[in-house]
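Handing you this structure, nothing more for now.
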Amino acid sequence: MVTVIFYGDIKQRAGTEKVEIRGNRPLIEILTEISERFNAKDLIFREGRVRGELLIIVNGSDWNSLGLLDKPVGDDATVKLVPIWHGG
């Protein structure tokens, strides 16, 4: 299982700090499942793409900035979703 840890607005929307979901599939599939499960599509995606201001840390590396959304996430991985936007 993949442990997904939520921060900020995503944590608030999900109503929990973390969940475990099935791994061994592309990160984009995991993000889609999370967005649908917790009604967080607007927090994870914008205009059909993963938001650039969302840090997606997989085992310590930011897969979003590295362009690894299609890379499979192993069953023993930890994924952290960290929104870095803020109000003014």
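If I filter segment 24-40 down to residues being in contact (Cβ under 8 Å) with a residue 40 or more places away in the chain and either out of contact with any helix residue (DSSP H, G or I) (no Cβ under 8 Å at 6 or more places or on another chain) or over 19 Å from L55 (Cβ atoms) (or both), which single residue comes out as surrounded by the fewest Cβ atoms within 10 Å (Cβ to Cβ)?
Across segment 24-40, the extreme among qualifying residues is N24.
Moving on. Checking E53 against (1) without any contact (Cβ under 8 Å) to a residue 12 or more places away in the chain; (2) surrounded by fewer than 13 Cβ atoms within 10 Å (Cβ to Cβ); (3) not polar (S, T, N, Q), which test does it fail?
Of everything listed in (1) without any contact (Cβ under 8 Å) to a residue 12 or more places away in the chain; (2) surrounded by fewer than 13 Cβ atoms within 10 Å (Cβ to Cβ); (3) not polar (S, T, N, Q), E53 misses just condition (1).
Which of (1) more than 12 Å from F6 (Cα to Cα); (2) without any contact (Cβ under 8 Å) to a residue 40 or more places away in the chain does K71 not meet, given it meets every other one?
Answer for K71: the failing condition is (2).
Right, here's the next one. Among the residues of segment 8-18, are any touching a residue at least 60 places away in the same chain (Cβ under 8 Å) and of a type outside the set (D, E, K, R)?
Among the residues of segment 8-18, at least one is touching a residue at least 60 places away in the same chain (Cβ under 8 Å) and of a type outside the set (D, E, K, R), which makes the answer yes.
Bear in mind that the values in this text are calculations on the coordinates, not laboratory data. Keep in mind it's a predicted model, so treat the numbers as computed, not measured. All Cβ positions, glycine included, derive from the backbone under ideal geometry; neighbour counts span all protein chains shown.
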